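The values are calculated or read from the model by the stated rules, or taken from the named source; none is laboratory data. Predicted model only: the values in this text are computed from it and were never measured. Neighbour counts are summed over all protein chains in view; Cβ atoms, including those assigned to glycine, are modelled from backbone coordinates with ideal geometry.
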Amino acid sequence: MKKGCILATALFLISTIVFAASAQNVATAGKTQNLTGKELIGKITSPKPGDRDYALGFVTGVYCVSSGQGMVPDIASSEKIVQIVKKYLETHKDVLDRPASDLVISALKQHPPGK
């Protein structure tokens with residue numbers, strides 16, 4: 001579990017740095033970014049490894065905070081959580097303009113990863 005926590009945290013931090021430094025986000029670097037569901041599904045399905053890593057870290061982080069576990073699940077569980085969120089976003093296109101964190105929580109309430 002601790003290795004999964006360290007790895008997911010490292011992936012998230014690295015992808016956050018890459019994301020913030022990318023040319024399309026230079027103007028907003030340093031400001032809080034409110035990721036929408038549309039942007040999150042774009043990152044989950046992106047061919048760019050940095051985008052997918054960012055999505056993995058984001059979804060896993062929201063899961064940890066919202067579940068109160070304070071611990072990142074192992075990588076297999078993290079991937080499962082991302083797939084649950086991806087399926088939810090693909091089937092709820094009418095809410096993709098909402099904050100991604102809210103949509104992650106909704107997805108995991110409807111389809112808890114441990115069940």
>> So in the range 96-115, with the set limited to residues that are farther than 19 Å from Tyr54 by Cα and touching a helix residue (DSSP H, G or I) at 6+ places or on another chain (Cβ under 6 Å), which one is surrounded by the most Cβ atoms within 10 Å (Cβ to Cβ)?
In response: Pro113
> Does any residue in the range 88-99 that is within 13 Å of Leu35 (Cα to Cα) and touching a residue at least 40 places away in the same chain (Cβ under 8 Å) come within less than 6 Å, Cβ to Cβ, of a residue that is surrounded by 14 or more Cβ atoms within 10 Å (Cβ to Cβ) and charged (D, E, K, R) six or more places away or on a different chain, and which pairs are these?
Replying inline: Leu96/Lys38
> Does Glu79 count as surrounded by fewer than 17 Cβ atoms within 10 Å (Cβ to Cβ) and at pLDDT 95 or above?
Replying inline: no
